[in-house]
Every structure is written in C-alpha cells, then in structure tokens.
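Report on one structure; see the data block that follows.
The values are calculated or read from the model by the stated rules, or taken from the named source; none is laboratory data. Just so you know, these numbers come straight off a predicted model, no measurement behind them. Cβ placement follows ideal geometry from the backbone for every residue including glycine, while neighbour counts extend to all protein chains displayed.
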Amino acid sequence: MFSEVAKILRNEDGFVVATHVNPDGDALGSLFGLALALTDMGKNAYPVLAEEIPETYHFLPGLERVVTDPRSINPAPAWVICVDAAEQHRVSGDLPSFVGGARVINIDHHPTNPLYGDVNLVDPSATSTAEMIHEALKQAGYRLTPDVGMCLYTGLITDTGGFRFSGVNSRTLSMGSEMLASGFDSYQVTLSLFEDFPLGRLRLERIMLERIEVLLDDQVIISVLYNDDFSKLSLAHSDAENLVSRLREVRGVEVGVLITEQTDGFTRVSLRSKNLVDVARLAKSLGGGGHRRAAGLRTDLPPSQIKKKIEELLREAIYGKTSNPAS
Ligand SMILES: [Mn+2]
C-alpha cells in the first residue's frame, strides 16, 4: 500500500492536504510535513485548515501556506490527501464542499477508520500518521529537509507522548532517528510541545483535579470542565489538550476520563486507558473513535448524563456485563 501512495506522490500533481478538526500535533505535523515535501518535489500542494492553529504549534514550518477556504484553489486539485482523519465528516474545511472531482487518499492509523478514501493507507500498528507519511515519502524517493523532518517528528513525539505510549517499538525510534538526521533542533520541538503552556492551563489543571471522582474500585478517575472554567482563565478549549492523561497517571488506575463542555453546546469526552480497557471500542459505541489506549467522542448529552453513561460502559468493560460487584 505504501508503494501505491508513493507512486502517486511521485508521478501526480495538484494536491490538497487536509486533516481533522481540533488538530493535534500529529494532524498538524502530518499536514505541513506532507504539503512542504510535495512542494519540495515541485508539485502544486496546499495545506488546508479551516480553523485556527493552537499556539502550541505556531513553531511549525509551513504555517504561512495554509489555505482556509479550499474552494478558492484554482485550478481545482486532482488529489485530496486526508491525514490522521479517522472519519470523513471530521475533515476540517468540509470535505464534500471542496473535493469536487478529486480522488481522495486516506492516510491514517486509527483502527476505527472506515476506509473512506479512493486510496486507503490505514495502518493501526503505526504509532503516528507522521511516521506513515515518512515511509511514503521515503518510498517516493524524497529526502527529508530539516523543515519536513521537524513537522513529522512533531507528529511522532505527540502521538507517542515522547516515546512513552503503548505501541512504541524499535521501528518507532528508528523513524525518529531518521527524522532527526534531517538536521533540525529536537529540543525546540519538545520545549514547544511540553514546556510552554500558558499559566492558565496550570490553573485549569487544578480545577480538573479538584473535581475528580474516583470510581469502580479506584480503577477509574473522571473529571469535568465547563465553558465557564475556560472563559474565566481566558483559555481556548485547545489549551486543555491531553490534560486527561494526568488522570491515568495514578497507580492502579485503568481509565482516565475528562468530560469537557463545548462552546457549541456539545460535550466532548476524552478517554485514556492503561492495560485492560479498549477505549476505542467504547468511544465507537457512542459515535466516537480513536485508539485502544486513547479515544474520544462528541455528544449532545450534557456532561452529567454522558458521565453516567460512560460509567455504566466502563463498569461493563471492567467487570463484565453480568457481574454486580458490591463496591
Ligand atoms: Mn495520530
């Protein structure tokens, strides 16, 4: 499959690269890394993103090229490459409105991806989409520049939590090594990603920790954040990215859950698991998706109701459907 995509990257022209809404480091690193590499290869290539880029990622090269309205691109693209987007309807910029006659290439590593592309390169064993793009570019004969290396490394570091998460293997580190060999400053990437939060995030974390509920024999920790919390601290919702992982860090805890009220009236649920529970499956059963150890969903239920539902599903996942523990 990599060779098929590599052939298209090498031989074709007229690319739009798109990624998912609420983009994270893998989404943005993959988006800009691939768009920059295609430009280096002499192609017409546009990174598309309809929304604002969180400040954490402003260090990424290629941001100034972003197109917010892909319908303005002339001539219309022959290829639309969606990166790290587990579902078609989550592609930023409203995919149906700009896809036109273009063929869609779907490059992703979410096991819940329904293979919505004309060409699908989906590998759930990859720890990041960025490393898949690295492999495809390598097979296309492209040699990484420091800028592209930095973008892809950002994706790899984000999705592996700095090489800490499940799924990391010697291949992951080889890929990281190949990216680093392109010659950018890795410390700049890790500083920007992990050591540069606004002060308000620390205060938001305090609120989250004050509200924790420890459930199911101390195996689950749930907390909730409301729109008010963000506005009082002048924070964007994207500033809460990955706060949920704090809830999983506790000894004996299997699942951390952060429920966040959204400004559009919806509620977002982020799930992180350690060993036992497949949270991708749980999220999918409620219309979301993700990975076994990190998943999420959006719902129109208010925080208190979705919390009950999640607790029920986690009880089933941890104890089984029929058992009824005294706890
Ligand atoms: Mn990813």
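Just a few scattered comments:
- Selection status of Ser234, closer than 24 Å to His58 by Cβ and not assigned by TED's automatic domain parsing to the domain that holds Ile53: yes
- Cβ-Cβ distances below 9 Å connect the following pairs, each with a first residue in the stretch 156-181 that is assigned to a helix (DSSP H, G or I), a second residue that is among the basic types (Lys, Arg) and modelled with pLDDT of 95 or more, and a separation of six or more residues or different chains: Glu178/Lys138.
- Matching strands (runs of 3 or more DSSP E) fully within the stretch 45-149 where at least 2 residues are in contact (Cβ under 8 Å) with a residue 12 or more places away in the chain, within 16 Å of the ligand (Cβ to nearest atom) and buried (at least 23 other Cβ atoms within 10 Å of the Cβ): 79-83, 103-108
- Count of residues meeting criterion [within 16 Å of the ligand (Cβ to nearest atom) and not in a helix (DSSP H, G or I)] in the stretch 1-44: 8
- Options Val224, Val253, Val214; residue that is in a loop (DSSP other than H, G, I, E, B) and of a type in the set (A, V, I, L, M, F, W, C): Val253
- Subset of the stretch 162-215 [within 16 Å of the ligand (Cβ to nearest atom), surrounded by 16 or more Cβ atoms within 10 Å (Cβ to Cβ) and under 30 Å from Pro303 (Cα atoms)]: Phe165, Leu193
- Flag if Tyr187 is aromatic (Phe, Trp, Tyr), touching a residue at least 12 places away in the same chain (Cβ under 8 Å) and assigned by TED's automatic domain parsing to the domain that holds Val83: no
- Members of the stretch 195-209 found to be assigned to a helix (DSSP H, G or I) and either under 18 Å from Ile53 (Cβ atoms) or without any contact (Cβ under 8 Å) to a residue 12 or more places away in the chain (or both), listed by number: Leu199, Arg201, Leu202, Arg206
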